[in-house]
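A short worksheet on the structure shown next.
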Amino acid sequence: MTFLSDLKFGLRSLLRAKGLSLTVILTLALGIGANAAIFSVVRGVLLRPLVNRDEDRLVYIRQSAPGIGVENTTFSVPEIQELRAGLKSVSAIGDFSVITFTMVGLGEPHQVRAGVVGGSYFDVMGLRPVLGRLINAGDDGPNAAGAVVLTHRFWMTSLKGDPTVIGRTIRLGTRSAPILGVREPSVPYPSETEVIANVVTSPHHLSATMVTGREHRMTEIFGRLATGATVESARAELQTVHQGIVAAHPETYRKAADYRINAVRLRDQITSRARTVLLVLLASSGLIFLIACSNVANLILARSVRRESELAVRAALGAGTGALRRALLAESLILCVSGAIVGVLIAGPMVDILAHYAARFSVRALDLTLDASLLWVGAALAVAAALLLAFVPRLPSSDTSHGFGLTNGSIRITGSTNRRLRAFAVVQIAASFVLLAGAGMLLRTLLALQATNPGFNTSVLAINIPVSSFGRTPVQVRNLYREIQQRIAALPGVVHVAAGGLVPWRDGGNFGPGFQFIVEGLKHVPGEDDPRAKFRSISPGFFAALGIPLVEGRDFTDADNKDSERVVIVSAALAQRLFPGQDPINRHLTWTDPIMKFIGVSTDARRIVGVAADVNDETIDGSAGMLVYHPADQEFGAGRLFVHAQGNPYPLVPAITRIVRDLSTDTPVERASTLEDVRAEVLTPNRLNTIVFGGFAVVALVISVVGVAGVLAFSVSGRMREFGIRLAVGSQPGRLLAGVLGEGATMAVIGIVSGVGGGFALARIVASYLQDVQLPGALPLIGAASVLLAAAVVASVLPAARAARVDVMQALRSE
């Protein structure tokens, strides 16, 4: 009952100080709400169990070749077969490769990303159907019937959960297959797909080059640990078996490539991309909580000084230290629980925002909702804050001679109190500096990326138009593309139309590190890899459509077809590296990469007929690489159209769609977007990083400014007599003004210096646990320091002006 009385008394006391109570509650709500929301996202993405059966036994197996800069080479069929035969600690292996199909039979024809799997995949992954059945061992083999399983997300979003789709036959590319079932909701790793099909559905997977080609790597593999096996034992066994494979085929695994293999728990692999950003976000929210608590501690400490007489009276009447501390704890609990309640209420919308943000890094964030863990997090933070705030004020002793004055109603700020007030303000500034510097670094990176010149016209419209070869010969496919281009070129406002094999940035990285080649006059060094270049398939007019200048030679023409001499155009970077000071025109280039035979590209020598200016069409931040352009009619074809219009190209999309539909009813027309919008889409994660961390930094800055202003205002109120005396003996008001401004600037400088030291120490600690932790450069540090210093000076203006306007007579009579 005693503590209940303290709560009632505390509530009445706080109601008499409504402004302070509201400020404390809102400040704590920001700190608690941000932490509760972020913890909910971290829990959902990093800690939530997978739906997979016996998930602790699931491992992801990766092969890499760091010597050629490839983090994930994936696996070929021969490699998978040899690993299956040689492993005992892994009881079963499931395989998954991604391929794009044109799907016909479920509404409008459209392209889908499909997972192609063997019959063991679903059993290894421990997944179950919610409807029908999944692919199993009976669906393996070249003579099996086609089989398709829908992912739960695709079934719910595109088909509205229609149960009648089971048994319906659809066409994927050139093969038909019935829909067997719907997979339960699960993390779509290694890639988000709409459907999952058995091997026989993909003719490419049945080809001899796929089945026997050791270099033809396009498959991810997963393993289920045998009983009693650990990830460490499986990793050691994998490395032993892999070393044997590498030693047996030195011509495939060149020493310079440094082929390696590794195994990690599936959960760790799924969350690896999101882990760093979410933990940094969690640390940022912790800084917000620290700033909020420091600010509130200042307010509570200032209030306790104003209540010195009250506390002294209670101490003189016999209240012990425990009773006084319990009364303060009761007030702190009221404030902190109220702040926690408001914080949890605002955390709900914050979870939605942060989940949308986190979905850029992990598909696990797509289905996050507010859960009960927020209540526990809010309660824990409220109790922690209450305990902290209850022990901030200095209590009087029962001996009034050593305590506070009983009758003096003026404010006396002791040196200890003043130091604590300033210490809390410095902590706020230091934490704000860390957040501001980090946000400045992200902003600088974003601005640099946006300012990068890609080397081509970004107002061009790119459209995916993958003409199916179902029922068509290769000649008919090429003629259909040509007819589509001619009709689109005749539309009003169209300047150029061309075709290509990929859309810049959107399809970047599809071909890995590039393919090995040699050029005329360049000698092959035994034991070393040939140089690598990226492969590009384009139609005549591609360079004109995208505004890429030809530095030398000529463009492709319609005469460059399968029946003519093989020709290529190379990028300026390739010409400068391999033909320094020489004319590359009419030299010959030959692909030597063994993968070429698997993708249907001839390894015959081809003549260089032109040199194109350098472009960066894969990554926005990378430098231009070596590119080799092929005529689409000679090799590989093209499935993307590029339309250069006089004005806004988007109004042309309906007319383009009608043209394609008139010529081919089963050809999708998808993802129409200008290259500028494609770049904006690619930059979205960078932009979201900047907005989220920038928002945190702004909140921290506002709280810190309020904290500095509050400390100085309180300091000025306690020094009114001093200021009055100084004015009375001839001190100028401007000097008092400058002195208070200087105090604010001094706190800011100490906070900035502390933030620099603390930030670098924190970065080192974080870097020991997380990869890709970068330190901000000089410009973000200087910018953050300047902003904080200016904010501190601005926050000092009102208290300084009050000090300079002190009424001398009133100040002298105050005591």
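The values are calculated or read from the model by the stated rules, or taken from the named source; none is laboratory data. Since this is a predicted model, take the numbers as computed values, not measurements. Note that each Cβ is placed from the backbone with ideal geometry, even for glycine, and that neighbours are counted across all protein chains shown. Keep in mind that these areas ignore ligands, DNA and RNA; they rest on the heavy atoms of the full protein, side chains included. Shrake-Rupley method; radii C 1.70, N 1.55, O 1.52, S 1.80 Å.
Observations
- Net charge, Val117 excluded, C-beta distance under 12 Å - Lys, Arg +1, Asp, Glu -1: -4
- Each residue of segment 748-753 was assigned a 3J(HN,Hα) from its phi angle through the Karplus curve 6.51 cos²θ - 1.76 cosθ + 1.60 (θ = phi - 60°); the sequence is 5, 4, 4, x, 5, 4 Hz, with glycine and proline shown as x.
- Carbon/sulfur fraction of accessible area - the chain, other protein chains in place, 1.4 Å, %: 59
- Charge dipole (debye, nearest 20) of segment 1-116; +1 at Cβ of Lys and Arg, -1 at Cβ of Asp and Glu: 860
- Entry for Cα extents along the principal axes in Å (calculated from the structure that is shown) out of [x] 91, 69, 59; [y] 99, 89, 49; [z] 106, 62, 55: [z]
- Under 5 Å between amide hydrogens, built in the peptide plane, is the criterion, and for Val551 it picks out Val611, Ala612, Ala613 among residues at least 5 positions away or on other chains.
- For Arg640, nonlocal amide neighbours, meaning residues 5 or more places apart or on other chains whose placed amide H falls under 5 Å from its own, are Ile465, Gly500.
- Gained length - Leu387 relative to His588, 0.36 nm times residue gap less alpha-carbon distance: 64.6 nm
- Ordering 29-37, 779-787 by mean Cβ neighbour count within 10 Å, with the highest value first, yields 29-37, 779-787.
- Under Karplus coefficients 6.51, -1.76 and 1.60, residue-wise ³J(HN,Hα) of segment 433-438 in Hz, glycine/proline x: 4, 4, 5, 5, 5, x
- As a rough guide to protection, the peptides 163-169, 788-794 ranked by mean Cβ packing within 10 Å, highest first, stand as 788-794, 163-169.
- Lys, Arg +1 and Asp, Glu -1 on Cβ, resulting dipole of the chain about Cα centre, debye, nearest 20: 3120
- Rounded tilt (10° steps) of 321-358 against the dominant C-alpha axis of the chain: 20
- Taking other residues whose beta carbon is less than 9 angstrom from the beta carbon of Val51, and scoring Lys, Arg as +1 and Asp, Glu as -1, yields 0.
- Kirkwood Rh, Cα atoms: Rg over Rh of segment 152-310: 1.23
- Computed from the Cβ-Cβ distance with R0 of 51 Å, the FRET efficiency linking Ala613 to Asp54 stands at 0.40.
- Considering only Tyr60, Ile32, Ser76, and ranking their Cα positions along the charge dipole of segment 19-90 that arises from unit charges at the beta-carbon of Lys, Arg, Asp and Glu, the one farthest toward the positive end is Ile32.
- The residues of segment 591-700 expose, per residue, 37 Å² of accessible area to a 1.4 Å probe.
- Sorting Leu131, Leu281 by accessible area puts them as Leu131, Leu281; the probe is 1.4 Å, largest comes first, and only protein heavy atoms count.
- ³J(HN,Hα), Karplus 6.51/-1.76/1.60, whole Hz, each residue of segment 284-294, x for Gly, Pro: 5, 5, x, 5, 4, 5, 4, 5, 4, 5, 5
- The charge dipole of segment 524-667, taken about its Cα centre with unit charges on the Cβ of Lys, Arg, Asp and Glu (plus for the first two, minus for the last two), comes to roughly 180 debye.
- Highest mean first, the peptides 224-234, 120-130 sorted by other C-beta atoms within 10 Å per residue fall in the order 120-130, 224-234.
- Net charge of Cβ neighbours under 9 Å - reference His588; Lys, Arg +1; Asp, Glu -1: +2
- Arg12 - accessible surface, heavy atoms, 1.4 Å probe, Å² rounded to 10: 130
- Contact order relative to length of segment 530-615, as percent, for alpha carbon pairs under 8 angstrom and 6 or more apart: 39
- Scanning residues 5 or more positions from Val187 or on other chains, those with amide H under 5 Å from its amide H are Val51, with H placed 1.01 Å from N in the peptide plane.
- Length-normalised contact order for the chain - Cα pairs under 8 Å, 6+ apart - percent: 16
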